[in-house]
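Worksheet: one structure, shown below.
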There are 2 protein chains.
Amino acid sequence: MGARKRREPLSRDRALAAAIALVDAEGMAALTMRRLAADLGVEAMSLYHHLPGKEGLLDGLVDAVVAEIVAAAAAAETDAAGGDWRTRLRLRFLAARAVMLRHPWAPALLSSRPTIPAGVYGYYEGILATLIDCGFSYRIAHRALHAFGSLALGFAQEVFQPATGADTDAAAADLAVLAEQLPHLAAMVAAEMHAATDPTLGWCDSQTEFEFTLDLLFDGLEQARSRSATRTAAGTTGHSDL
Amino acid sequence: MGARKRREPLSRDRALAAAIALVDAEGMAALTMRRLAADLGVEAMSLYHHLPGKEGLLDGLVDAVVAEIVAAAAAAETDAAGGDWRTRLRLRFLAARAVMLRHPWAPALLSSRPTIPAGVYGYYEGILATLIDCGFSYRIAHRALHAFGSLALGFAQEVFQPATGADTDAAAADLAVLAEQLPHLAAMVAAEMHAATDPTLGWCDSQTEFEFTLDLLFDGLEQARSRSATRTAAGTTGHSDL
DNA sequence: ATGGTTGCCTTACGACGTAAGGCTGATCTC
DNA sequence: GAGATCAGCCTTACGTCGTAAGGCAACCAT
């Protein structure tokens, strides 16, 4: 007789899970209090018993993504135990990137938030620990964190989206005009386009660009580190324990 | 009697100028069709005779900012005539950054737009021309453009805003907790905080970070250029392609 | 039973962007 | 001049959003 115990009583976690599912499927614009409530079989105002408004909901999404990143990065870190700082950070960032690829809305949401999610402090602490252990000064480590920017969280924050496929023909038609007024750009597109391996990403392979930029920064930081290390006695590079 | 010839008849340019003034003064959130119309002494719907809706208005703002960047960068380029590629790009990017500092809302707007503003093609063409002229391959130049990312347009796209001053005391109170659970982060803050010169930016000096990141990328690109010029198979800084 | 608490709903308000159509005064044609 | 045309601005209204305020029904401990 107690077969139907009303319904699952709607909790913060259930609401957040539904929100993530909704946003993964239909994008940020679809995330509406009314819509989310409808997906949960509930009226909009009921959400306010579990979430402090829309902003609180977005904060919840951010926290969830950050938690996912932290977990992925921690797993990557154990895989990389004993490696040098480059491969350790590299694996960390690539793990974070894998999370971002699962949640394409996350980058824009992350960088639109006015407050820093609590979880990222711990995440940055781990990166910083790696740098300091490997002989970086606080000065350079600090600047490295800024230089990494969004790469540390797994996304490149492209300023402009690549063409979304539908206007590929239009882009091709523009190429003729492009070639006249923008010769270098046209030549570059022509030279690089054949190398496109993943058509979903257009002719720019984001993964390659991501790793290339990472290596550029790593190379530069390595130089900066050895430059500042020569100033002191070069004895304590090994120091592998946390 | 003929003194008042009705009023200035409201044009696209007048609307755009008012919109920029409004957004400069009160931020993006204040930019509303009704509010903008009110600032112009007009009703909301009147704007639709000169602008194709809100999206068109935002496109207009973006175009205006891009035009400002292009102009500033062109002026910088003439100053740098004859310099090497690093200083030429450096001056370009710093000129763009000066524009962004005048319009703090621009970065978020730029990266939220779904289409690429027409003006940036010309802007990238100029950067590309500099790179190609100085011996970069299209391959590396292409990746360089991606690596620069938002830096080329003058902003670092910090993922999270620095503390806005009001919660500085709260941040200080958190430092005790921070020191226990996040020792490296606490130590870095302690080590770096004394160096704060510009209190408006908190203890992170954005200008310094901006230029440091630029130099990191330039250093790395310089290596990549000479590496590809000599065509040697292996470098000491193994640059794995995965 | 009873009174409180929890969980959800109903109604309503003030934003927002914008579709549809009306009024007004300047300019043009005869 | 008189009437027609038309651009420029306004009025009204609709559907969306987030959310404040309060109601009702089922549960719980007493």
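The values are calculated or read from the model by the stated rules, or taken from the named source; none is laboratory data. Because the structure is a prediction, the values reported are computed rather than measured. Glycine also receives a Cβ, built like all others from the backbone with ideal geometry; neighbour counts cover every protein chain displayed.
This table checks each residue for (1) over 30 Å from B:Arg34 (Cα atoms); (2) under 18 Å from the mean Cα position of the chain (by Cα).
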{"position": "B:Tyr48", "(1), (2)": "no, no"}
{"position": "B:Leu51", "(1), (2)": "no, no"}
{"position": "B:Gly56", "(1), (2)": "no, no"}
{"position": "B:Asp59", "(1), (2)": "no, yes"}
{"position": "B:Gly82", "(1), (2)": "yes, no"}
{"position": "B:Leu89", "(1), (2)": "yes, yes"}
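Matching residues to (1) under 23 Å from A:Gln181 (Cα atoms); (2) within 16 Å of DNA strand D (Cβ to nearest atom); (3) within 14 Å of chain A (Cβ to nearest Cβ):
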residue	(1), (2), (3)
B:Asp39	no, yes, no
B:Val70	yes, no, yes
B:Ala76	yes, no, no
B:Leu91	no, no, no
B:Ala95	no, no, no
B:Ala98	no, no, no
B:Glu125	yes, no, yes
Original post:
Can you tell me how many residues in the stretch B:17-31 are touching a Leu at 6+ places or on another chain (Cβ under 9 Å) and within 14 Å of DNA strand D (Cβ to nearest atom)?
Top reply: 1
**OP:** Identify, from the list B:Leu94, B:Leu110, B:Leu89, the residue that is buried (at least 19 other Cβ atoms within 10 Å of the Cβ) and at pLDDT 95 or above.
**Re:** B:Leu89
**OP:** Take B:Ser206 and decide whether it is modelled with pLDDT of 65 or more and more than 10 Å from chain A (Cβ to nearest Cβ).
**Re:** no
Subject >> Within the stretch B:132-156, tally of residues that are farther than 14 Å from A:Thr208 by Cβ, over 14 Å from the mean Cα position of the chain (by Cα) and facing chain A (nearest Cβ under 7 Å) >> reply: 3
Original post:
Among the candidates B:Ala141, B:Ala187, which residue alone is in a helix (DSSP H, G or I), within 26 Å of A:Ala118 (Cβ to Cβ), among the aliphatic types (A, V, I, L, M) and at pLDDT 85 or above?
Top reply: B:Ala187
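Yes/no per residue for (1) in a helix (DSSP H, G or I); (2) in contact (Cβ under 8 Å) with a residue 12 or more places away in the chain; (3) on the phi > 0 side of the Ramachandran plot:
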position: A:Ala15; (1), (2), (3): yes, yes, no
position: A:Ile20; (1), (2), (3): yes, yes, no
position: A:Asp24; (1), (2), (3): yes, yes, no
position: A:Val42; (1), (2), (3): no, yes, no
position: A:Gly56; (1), (2), (3): yes, no, no
position: A:Ala76; (1), (2), (3): yes, yes, no
position: A:Leu94; (1), (2), (3): yes, yes, no
position: A:Val99; (1), (2), (3): yes, yes, no
Original post:
What do you reckon, is A:Arg86 touching a Phe, Trp or Tyr at 6+ places or on another chain (Cβ under 7 Å), touching a residue at least 12 places away in the same chain (Cβ under 8 Å) and in a helix (DSSP H, G or I)?
Top reply: yes
